[in-house]
1. Counting Lys and Arg as +1 and Asp and Glu as -1, each charge on the Cβ, what is the dipole of the chain about the Cα centre in debye, to the nearest 20?
2. State the percentage of accessible surface on region 17-63 attributable to carbon and sulfur atoms; use a 1.4 Å probe and exclude ligands, DNA and RNA.
3. If you fit an axis through the alpha-carbon atoms of helix 13-33 and take the longest principal axis of the Cα set of the chain, what angle between them do you get, 0 to 90°, nearest 10?
4. With everything on Cα atoms, drop me the angle between helix 217-243 and the longest principal axis of the chain, reported from 0 to 90° to the nearest 10.
5. What is the extension gain from LEU82 to ILE61, computed as 0.36 nm multiplied by their sequence separation minus the C-alpha to C-alpha distance, in nm to one decimal?
6. Mind checking which of PRO155, PRO46, PRO267 has the largest fluctuation in a GNM of the chain, springs on alpha carbons under 10 Å?
7. Need one number: nm distance between label points at LEU47 and ASN148, each 7 Å from Cα along Cα→Cβ, rounded to one decimal.
8. Compute the acute angle (0 to 90°) between the alpha-carbon long axis of helix 194-214 and the principal axis of greatest extent of the alpha-carbon atoms of the chain; round to the nearest 10°.
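The values are calculated or read from the model by the stated rules, or taken from the named source; none is laboratory data. Just so you know, these numbers come straight off a predicted model, no measurement behind them. Cβ coordinates were reconstructed from backbone atoms using ideal geometry, including for glycine residues, and neighbour counts include every protein chain displayed. Heads up: the accessible areas ignore ligands, DNA and RNA and are worked out on the full protein's heavy atoms, side chains in. Shrake-Rupley method; radii C 1.70, N 1.55, O 1.52, S 1.80 Å.
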Amino acid sequence: MVFIVVSEIKLSTWKIAITLSIVIVIIILYTIYFGIDPAILLSIDPLILALAIIIYTLSWIISGIRLKIIHLSVSGKVLGLLDYLYARLLGGLIAYLTPSAMGGEPARAYYLSKKTGDDIATGFAVAIYELFIDIIFINVLAIIYSINYLLMSLPVILVSAFVLFTWTTLFLGVVYRNKIIDKLFQFLIKFLPETIREKYNIFTESIRLITKFIIRPHRVVMIILSTVAMHLLTGAVIYIISIGYGGTSLLQAFQAYLFALALGALPSPGGAFAVEYGLTITLKPAAVVTSRVLMYFYTVITGLYVLTRIRD
């Protein structure tokens with residue numbers, strides 16, 4: 001088996017090929033089903049495309065700033081913004097090459113621990129905390145906006161409600177030392193090697209330390225503002241792309257983005273089908289295809305570039 005190997009991050013090339021193939025096939029089938037002329041997709045205004053790429057890049061940079069704010073709470077070593085951007089893009093790459101959008105956290109954890117010398121469990125706590133913020137923001141809004149699109153949005157409501165319940169229960173159980181959840185975790189980790197059990201203890205303590213650090217008002221404000229900004233900007237990318245295909249409202253573009261991310265939690269390679277379905281709820285098919293292609297392959301290409309940059 002052939003692997004792309006950079007430090008400790010290994011990506012099976014055949015698995016990458018399978019995932020990319022599935023995503024491409026779904027996009028092609030989607031295009032055929034809705035009778036989209038490929039020429040229309042290729043005729044998008046270069047200025048619109050360039051503006052969309054610039055704004056999408058800015059959203060990734062802001063996500064790096066937020067990661068830095070959270071990371072400061074547990075690490076004694078402050079990294080440069082480029083490192084936090086690399087961590088985000090690397091996580092995005094892994095998430096897009098694995099089942100479910102929630103697959104990039106170990107990659108971010110590894111990169112942060114490698115750069116700072118901190119335990120990887122600490123880096124994982126940072127990544128999970130960051131993910132939890134997004135889960136609350138995305139899924140709460142997805143459920144609220146889904147009410148206007150029933151019955152088509154019913155899968156969004158079901159997936160979002162499940163994700164919110166499970167993640168909130170487990171996360172708050174760890175932070176506030178819920179006895180039932182703590183006993184459950186302690187029971188499960190008894191069957192794991194001692195080194196893994198030690199990592200779990202570091203992870204839980206790091207999560208609690210982050211929570212205490214973040215709770216200060218000015219940090220709460222910074223995290224809220226950066227979270228809203230990065231997601232609004234990504235929604236704006238979809239809005240800009242849709243201009244070339246008859247247009248849509250900024251709100252509908254943002255709703256499409258939320259629905260796509262919420263359904264991206266389903267275990268499908270690269271979010272195939274799930275993301276397309278979420279976007280289709282409010283967007284025209286041509287805008288769905290172009291937005292999907294741009295955002296997916298932007299993340300994969302820039303993530304692969306990061307891999308080449310972090311080689312020992």
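1. Details: 23 positive and 15 negative charges, 148 e Å.
I would put it at about 720 debye.
2. Numbers: 2300 of 2780 Å².
Ligands and nucleic acids excluded, carbon and sulfur give 83 percent.
3. With rounding to tens, the tilt is 40 degrees.
4. The answer is roughly 20 degrees.
5. Working: separation 21, 0.36 × 21 = 7.56 nm, distance 0.84 nm.
That works out to 6.7 nm of additional length.
6. Its mean-square fluctuation being the largest, the pick is PRO46.
7. According to this spin-label approximation, the distance is 2.9 nm.
8. For helix 194-214, the angle is close to 70 degrees.
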